Structures are given as structure tokens and as C-alpha cells.
1. Going through region A:23-41 one residue at a time, which ones are within 13 Å of the chain's Cα centre (by Cα) and either closer than 17 Å to A:G62 by Cβ or polar (S, T, N, Q) (or both)?
2. Residues that are among the β-branched types (V, I, T): which strands (runs of 3 or more DSSP E) entirely in region A:127-231 hold 2 or more of them?
3. What number of residues in region B:104-118 are buried (at least 22 other Cβ atoms within 10 Å of the Cβ) and within 12 Å of B:A80 (Cβ to Cβ)?
4. If I filter region B:119-142 down to residues being in contact (Cβ under 8 Å) with a residue 60 or more places away in the chain and closer than 23 Å to B:D81 by Cβ, which single residue comes out as surrounded by the fewest Cβ atoms within 10 Å (Cβ to Cβ)?
5. Going by what's in this entry, would A:A164 be described as surrounded by fewer than 24 Cβ atoms within 10 Å (Cβ to Cβ) and either more than 14 Å from chain B (Cβ to nearest Cβ) or in contact with an Asp or Glu (Cβ under 9 Å, 6 or more places away or on another chain) (or both)?
6. Can you name the residue in region B:40-99 that is assigned to a loop (DSSP other than H, G, I, E, B), touching a residue at least 40 places away in the same chain (Cβ under 8 Å) and not acidic (D, E) and, of all such residues, is surrounded by the fewest Cβ atoms within 10 Å (Cβ to Cβ)?
7. Residue pairs, Cβ under 9 Å, 6 or more apart or interchain, first in region A:210-231 and more than 7 Å from chain B (Cβ to nearest Cβ), second part of a strand (DSSP E or B) and surrounded by fewer than 21 Cβ atoms within 10 Å (Cβ to Cβ). List them.
8. Report, ordered by the first and then the second residue, all pairs with beta carbons closer than 9 Å, sequence separation of six or more or different chains, a first member in region B:180-203 that is within 18 Å of B:I226 (Cα to Cα) and within 11 Å of chain A (Cβ to nearest Cβ), and a second member that is surrounded by fewer than 24 Cβ atoms within 10 Å (Cβ to Cβ) and among the hydroxyl-bearing types (S, T, Y).
2 protein chains.
Amino acid sequence: MGFDPTILPDVSNVTVGLLGGTGPQGKGLAYRLARAGQTVRIGSRSAERGAQTAAEIGNMPGVVSGDRVSGGDNVYACDADVVIVTVPWAGHGDLLSSLAEHLPGKIVVDCVNPLGFDKQGPYLLPVPEGSAAQQAAALLPESRVCAAFNHVSSVLLINPQIAAMELDVLVLGDDREAANVVQALAMRIDGMRGIHAGRLRNAAQVEGLTANLIAINKRYKAHAGIRITDV
Amino acid sequence: MGFDPTILPDVSNVTVGLLGGTGPQGKGLAYRLARAGQTVRIGSRSAERGAQTAAEIGNMPGVVSGDRVSGGDNVYACDADVVIVTVPWAGHGDLLSSLAEHLPGKIVVDCVNPLGFDKQGPYLLPVPEGSAAQQAAALLPESRVCAAFNHVSSVLLINPQIAAMELDVLVLGDDREAANVVQALAMRIDGMRGIHAGRLRNAAQVEGLTANLIAINKRYKAHAGIRITDV
């Protein structure tokens with residue numbers, strides 16, 4: 001069997017919302033998805049900042065059609081087929097609780113890493129639900145929650161000079177069909193592969209691996225990501 | 001700076017012991033290290049089985065010098081510069097406690113993954129100390145404990161037809177000099193790189209990622225490993 005991207009669905013018409021889309025990760029993903037021609041809705045606590053960021057992204061090099069990038073508040077971003085959560089861990093639970101009524105039936109992609117930092121660097125914080133993604137699933141029982149994009153450097157995403165994101169995105173989720181959509185979405189971005197890497201209960205270590213990648217970045221002056229070998 | 005293997009020490013004369021070296025992971029690592037020309041001491045609960053496995057490995061294709069591979073009980077394997085722990089998680093703590101008196105000052109490399117399995121597949125078990133490697137460090141306060149080789153497929157390791165192990169080994173440890181030795185040891189194996197990936201407190205997610213790699217193996221009929229990108 002091996003890895004066969006042709007079995008994944010066509011997601012060229014799938015719309016993508018970004019919660020907290022004015023932060024580095026949200027902006028970076030919005031830019032890459034806009035370059036791939038997706039319709040993107042950038043959400044923010046402030047509708048004005050959401051709209052400003054959308055205008056900024058829409059004018060960046062390589063964006064297929066700037067008017068497919070729009071912005072507003074986080075509720076505005078919920079009106080999409082796939083909603084990606086790119087907020088800081090500190091506000092994760094509260095934000096998702098407040099938006100739950102807007103997210104039933106939607107594919108929600110959590111890429112938040114619950115990390116703490118001290119003088120020895122980053123470390124994985126304990127999460128009562130097990131992981132950020134499992135917390136999202138608990139708070140959004142009517143949504144189709146996946147984890148993905150946890151290891152993607154925002155510095156590389158937003159850099160127009162980087163033509164391809166040469167790395168793999170691990171997609172976790174119990175809803176196989178939803179995970180297929182997220183994998184296909186990752187593969188819309190040049191260089192990326194979307195690899196299904198297990199159930200949501202195995203999300204904690206994927207989120208936590210970001211602490212190791214940050215350590216690697218510091219040690220080797222890099223923007224590290226991962227590739228899965230033999231796939 | 002980037003990744004510069006030339007700063008790593010010469011480990012060609014470093015001897016390596018393997019605790020539980022008759023299991024798949026221990027045999028596989030012993031074989032690759034023997035192919036690289038290292039002196040290897042295979043340990044087992046049964047001295048006879050340790051010696052048998054050593055004879056078997058010593059006769060495999062590509063081994064530089066079969067008489068550099070010897071075997072005995074686990075105490076025998078402790079008499080080496082670097083001691084790699086490749087026992088099942090179930091016996092991890094008891095074995096290390098029983099061997100602590102033989103390991104002061106030694107570099108101990110833990111590659112044990114504390115995983116449980118049920119009908120939904122593998123998952124990370126909670127460890128009171130945080131991770132298998134941290135448990136080793138707690139039980140061996142006089143040793144220099146690192147984690148490494150957690151993601152290396154024993155099926156690929158033992159297969160003589162596979163010329164090179166094309167993957168990266170994440171090395172975790174607070175003792176930088178010990179970690180350098182372990183990185184250099186990984187790099188003795190064709191195709192492998194040894195990448196320092198943070199302190200021991202960030203070992204749990206590296207151990208747990210093996211559950212995701214097992215899920216990937218099942219889904220894609222692979223023997224998955226990882227490569228770090230941009231390093």
C-alpha cells in the first residue's frame with residue numbers, strides 16, 4: 001500500500017477559517033493556503049485586525065487571488081469548512097468554549113502546543129484532557145477535531161522566498177474522513193505531505209515534540225521540522 | 001553554525017554494552033554497531049543466551065570483526081564505556097535498580113518506550129518520573145543518562161540487505177559531553193545522524209512518538225523513522 005495521496009479527497013474548494021489568524025502561525029498558514037488558491041477567512045479577537053491581516057496576506061507575493069482572503073472576528077472565521085485553531089495555549093480553552101455554538105459539524109484542526117518556558121527552555125505542560133487537541137474535542141463534542149500543523153515553522157511559512165515547505169504534517173484524528181480532508185489540505189501546500197499518525201489520544205507527544213524542535217532550532221540555528229522516513 | 005558532525009568526539013574505540021541485547025532492538029543495534037567496527041558486549045538475563053546471540057551477530061554479513069562481539073549476562077554488558085538499555089518497559093525499573101552498582105560514571109543510553117497496547121493500538125503510558133529515561137536517571141544517579149535510538153526500526157536494523165539506516169536519532173540529555181558521545185555513536189552507523197534534541201525532561205514525547213510511528217507503520221505498511229528538516 002504505502003503512502004498514496006491520490007486516495008485523498010479534492011479539497012480545492014474547501015474554505016479555511018483561522019482562529020487567532022493574526023498571530024505568526026495563523027498568518028503563516030493563511031499565506032501558504034492563499035498561495036495554494038484556497039479561500040481563507042482570518043479571524044481575530046478584533047474584527048478590524050482580522051480584516052487588516054487579510055488585506056496584508058492578500059497582497060503578498062504568489063497569492064493566487066487576493067480577494068479570496070478576507071478577515072473579521074473569530075466568529076467570522078468559524079463560517080468555513082475547516083477551522084484551524086492557532087491561538088496561544090493560554091487562551092485555548094476559553095476561546096473554544098465561547099465558539100462551540102458556531103462549530104458543530106465542522107472539521108476543527110488544532111495546531112496549538114501546550115508548552116511552558118523557563119530558563120532551561122521549553123517543556124510540555126500537563127493538560128487535564130491529555131493534550132490540547134483532546135481538550136478541543138472535549139469542548140467541541142459536535143465538531144470533528146483533528147490535530148495537525150504542530151511542527152510547522154511560522155518563520156518559514158511567512159517567507160515568500162521559501163518556495164516549498166519541505167516537511168511532513170502529522171495529522172491525528174479518530175474521524176478518518178475528516179483526517180483525510182486535513183491531509184489533503186496540507187498537501188495543497190508545496191513541499192508538504194499530510195501523514196495520518198494515529199488517534200487523538202496520541203496527540204500529546206506530537207504537541208510536545210515541538211519543545212524538542214525548539215531545542216534543535218536553538219542548538220543548530222535552524223527552523224526544524226520533520227519528515228517521516230520509509231513512507 | 002548548523003549541524004557540524006566534525007565537532008563530535010572520535011568514538012571508534014568506545015565499547016558498547018547492550019542490556020537485554022537478545023531482544024529485537026538490542027540485536028539490531030548490536031549488529032549495526034558491529035558492522036561499524038565497534039566492540040560490542042551483549043547482555044541477557046541468561047549468560048548463555050547472551051553468548052549465543054553474540055556468536056550469531058558476529059557471523060552476520062558485513063561485521064568487521066566477529067571476535068569483537070561477545071556476550072554474557074547483563075552484568076557482563078555493564079563493563080563497557082556506553083551501556084544501551086533495550087529491555088521491555090515492564091522490566092525496566094527493576095533491571096536498572098539491580099545493576100546500579102555496576103554503572104557509576106558510565107554513559108547509559110535509554111531507548112525504551114513505555115507504551116501500552118489495546119484494541120485501538122499503542123499509546124503512551126504514564127511514568128511517575130516523567131519518562132523511561134528520567135526513571136533511569138532517578139535510579140542511576142551516578143550514571144550519565146541519555147535517551148536515544150527510540151525511533152529506530154529493529155526490522156530494518158537487523159536486515160543485512162539494508163545498507164544504510166536513512167534516519168535521524170534524537171539524543172536527549174543534560175550532560176552535553178555524554179550526549180556528544182551518543183551522537184557520535186549514532187553517526188558510526190551508515191545513514192544515521194545523531195541530533196541533540198534537548199534535555200532529559202523533554203524525553204517523554206520522544207518516547208511517545210513511537211506510538212505514532214507504529215500507527216504510521218500500520219497505515220502505510222512501512223518501517224517509519226524520522227528525519228529532522230532544515231538541519
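1. Those that are within 13 Å of the chain's Cα centre (by Cα) and either closer than 17 Å to A:G62 by Cβ or polar (S, T, N, Q) (or both): A:Q25, A:K27, A:G28, A:L29, A:A30, A:Y31, A:R32, A:L33, A:V40.
2. Filter on region A:127-231 gives A:168-171, A:225-229.
3. 3
4. B:Q134
5. Yes: the conditions hold for A:A164.
6. Per the stated criteria, the residue is B:P61.
7. Hits for this filter: A:T210/A:L115; A:I214/A:L115; A:I214/A:F117; A:I214/A:G121; A:K218/A:G121.
8. Taking only residues 6 or more apart or on different chains, the pairs are B:I195/A:Y220; B:H196/A:Y220; B:G198/A:Y123; B:N202/A:Y123.
The values are calculated or read from the model by the stated rules, or taken from the named source; none is laboratory data. If you're wondering where the values come from, they're calculated on a predicted model, not measured in any experiment. All Cβ positions, even for glycine, are placed from backbone atoms using ideal geometry, and neighbour counts span all protein chains on display.
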